[in-house]
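Undergrad: The structure under discussion is supplied below as structure tokens; questions concerning it will follow.
The values are calculated or read from the model by the stated rules, or taken from the named source; none is laboratory data. Just so we're clear, the structure is a prediction, and the values are computed from it rather than from any experiment. Here the Cβ positions follow ideal geometry from the backbone for every residue, glycine too, while neighbour counts run over all protein chains shown. SASA here: full protein model, heavy atoms, side chains in, ligands and nucleic acids out. Shrake-Rupley method; radii C 1.70, N 1.55, O 1.52, S 1.80 Å.
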Amino acid sequence: MKHIFLTSIFAAAIALPAYAADYSIMAPAAPGGGWDQTARTMQTSLQSEKISGKVQVMNVPGAGGTIGIAQFASQQKGNPNALLVGGYVMVGAILTNKSPVTLKDVTPIARLTGEYEAIVVPANSDIKTVADLVAKLKENPGAVSWGGGSAGGTDHILVGLLAKAAGADPTKINYIAFSGGGEALAAILGGQVTAGVSSYGEFEGQIKAGALRLLAISADKKVDGIDAPTLKESGFDVVLQNWRMVAAAPGLTDEQKKAVTADVEKLAKSKTWQDNLKTKGWMDTYLSGPEFEAQLAQDISATETILKDIGLVK
């Protein structure tokens, strides 16, 4: 009887789903933003796909993610169940805030999604192409005002890269930083700035409604469904992707890092995650392993160079 009872327990145990570790995910930003949305989409996908039995999300906002990454690196060392969401904005914030904690102090796992930047003008603007805009920029950089997100962020970096590629002085660009996308959009539509820069998704509704004219996007090649040339097609060698990534804690063993990477890969390929990408309009730019580490190093180096050119980093 005892033998039968133990056998039944064993059979029931192996019939249960083999969950990985219960994860905690830090979004180093306030609720509602892109990093928070990414963390919470990861949470539902990991649980729905039974990759993890329980996933918690916590928000630690401030200073472009540098407060969160500092807390994560110091408190989660060696913890294979802790994850951090971040992105390209964090690269610039680490440099401009002179953060003592950098992405070298965590364990980057994979790039998950990406958005390309869009350059727009009001529909009634006399600027019809990027070439028109650049001509004005070269004539008088200060006379062309650009509306976008935080100073030193992705939008600002794109303007600096374009100015540099066009042969204009990037230190003289007239960039106006807005605290929120709504404020920036109102300024662009109201003609308070010459042009606007943000991720394509931020402008999509106004572009389709005919209120904004899309001049170009910062993709490496033409994007299906977006009726605009790339900056490269327009004659300017500029490609920029505002990507989002996931990192693990510092101090993991090779086996622990391998296990986390395997779970993230299962997540990225899962139906729940892929369905969410389509619903949210996020581009699948998944990249992991040495390829991602090389891309990350390249982006950090390029960002440091352009922020020095703009004058935001010494």
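Undergrad: Being hydroxyl-bearing (Ser, Thr, Tyr), under 15 Å from the mean Cα position of the chain (by Cα) and either open to solvent by 20 Å² or more (accessible area, probe 1.4 Å) or more than 26 Å from residue 176 (Cβ to Cβ) (or both) is true for just one of 261, 285. Which residue is that?
TA: Unique residue meeting the criteria: 285.
Undergrad: Can you report the number of residues in segment 132-187 which are more than 23 Å from the chain's Cα centre (by Cα), free of Cβ contacts under 8 Å to residues at least 40 places away in the same chain and surrounded by 19 or more Cβ atoms within 10 Å (Cβ to Cβ)?
TA: Result for segment 132-187: 2.
Undergrad: Looking at segment 113-127, can you tell me whether even one residue there is in contact with a strand residue (DSSP E or B) (Cβ under 9 Å, 6 or more places away or on another chain) and in a helix (DSSP H, G or I)?
TA: Checking segment 113-127: not a single residue is in contact with a strand residue (DSSP E or B) (Cβ under 9 Å, 6 or more places away or on another chain) and in a helix (DSSP H, G or I).
Undergrad: From the list 100, 61, which one is at pLDDT 95 or above, more than 22 Å from residue 257 (Cα to Cα) and either assigned to a loop (DSSP other than H, G, I, E, B) or among the acidic types (Asp, Glu) (or both)?
TA: Only one candidate qualifies: 100.
Undergrad: Follow-up. Out of 226, 207, I need the residue that is in a helix (DSSP H, G or I) and of a type in the set (A, V, I, L, M). Which one?
TA: Only one candidate qualifies: 207.
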